[in-house]
Amino acid sequence: MRQVILHKLRTYQYIRERLQEKLPDISDDTLIETLERATNLQEATAALIRSQLDDLSLSQALRQRVRDMQERLARLERRVESKKELVIFVMGEANFRKMEEPDFTVSLRQLQPALLILDESVIPEDYWKPQPPRLDRQAITAALKAGEEIRGAALGNGGLTIAVRTK
């Protein structure tokens with residue numbers, strides 16, 4: 001599709017240049033109507049926009065499906081953890097240290113003590129890692145938009161986009 005529409009665009013541009021050379025007094029309406037009849041560029045662009053809208057709909061539906069599946073995964077993971085905690089509780093209370101079944105063996109083991117930070121403000125400096133500074137991109141953007149000059153930074157042109165409304 002890309003090559004087709006780019007070919008139509010080049011044809012459109014070529015014919016427009018030739019018509020403007022040969023007929024310098026041609027009205028804009030006549031020029032546009034003649035070019036559309038000769039190239040179908042507007043029709044091809046409309047087909048491209050429809051294709052883009054289809055892809056957008058599919059991507060939004062897939063994004064929702066992925067969110068739904070992530071929620072399902074989270075529920076399953078919570079169930080796994082909940083069942084694990086229940087097995088640990090039951091085995092601990094019943095004083096089972098090991099269970100052997102035809103399809104699995106489970107052992108209750110003591111974990112190493114986990115670190116608990118009770119108050120960060122009183123922990124000695126030796127236990128802190130210095131962090132490298134990070135660029136505050138939002139502050140730089142705001143300053144540049146406010147007219148400040150910042151060496152090493154500038155605002156780009158922003159580019160072009162399209163706005164497509166559907167009924």
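I88 passes all but one of (1) touching a residue at least 12 places away in the same chain (Cβ under 8 Å); (2) under 30 Å from R16 (Cβ atoms); (3) more than 26 Å from the chain's Cα centre (by Cα); which number fails?
(2)
Quick one: in the stretch 98-134, which of the residues that are of a type in the set (A, V, I, L, M, F, W, C) and open to solvent by less than 100 Å² (accessible area, probe 1.4 Å) is modelled with the lowest pLDDT? Even if it seems obvious, please write down each step before you answer.
Of all residues in the stretch 98-134, those of a type in the set (A, V, I, L, M, F, W, C) come to 99, 104, 106, 108, 111, 114-118, 122-123, 128.
Filter once more, keeping what is open to solvent by less than 100 Å² (accessible area, probe 1.4 Å): 99, 104, 106, 108, 114, 117, 123.
Values: M99: 89, F104: 91, V106: 92, L108: 90, A114: 86, I117: 91, I123: 91.
Filtering the stretch 98-134 for residues that are of a type in the set (A, V, I, L, M, F, W, C) and open to solvent by less than 100 Å² (accessible area, probe 1.4 Å), the one modelled with the lowest pLDDT comes out as A114.
Among the residues of the stretch 35-46, are any out of contact with any Phe, Trp or Tyr (no Cβ under 9 Å at 6 or more places or on another chain), open to solvent by 50 Å² or more (accessible area, probe 1.4 Å), more than 18 Å from V164 (Cβ to Cβ) and of a type in the set (S, T, Y)?
No, there is no match, as no residue in the stretch 35-46 is out of contact with any Phe, Trp or Tyr (no Cβ under 9 Å at 6 or more places or on another chain), open to solvent by 50 Å² or more (accessible area, probe 1.4 Å), more than 18 Å from V164 (Cβ to Cβ) and of a type in the set (S, T, Y).
Failed condition for M1, given (1) within 30 Å of L111 (Cα to Cα); (2) exposed (fewer than 10 other Cβ atoms within 10 Å of the Cβ); (3) in contact with a Leu (Cβ under 9 Å, 6 or more places away or on another chain), with all others met?
(1)
Quick one: count up the residues across the stretch 74-97 that are open to solvent by 90 Å² or more (accessible area, probe 1.4 Å) and not in a loop (DSSP other than H, G, I, E, B).
Result for the stretch 74-97: 11.
The values are calculated or read from the model by the stated rules, or taken from the named source; none is laboratory data. Just so it is clear, the structure is predicted and the values come from calculations on it, not from any experiment. Please note: Cβ atoms are built from the backbone with ideal geometry, for glycine as well, and neighbour counts cover all protein chains shown. Remember, those area values only see protein heavy atoms, side chains included, never the ligands or the DNA or RNA. Shrake-Rupley method; radii C 1.70, N 1.55, O 1.52, S 1.80 Å.
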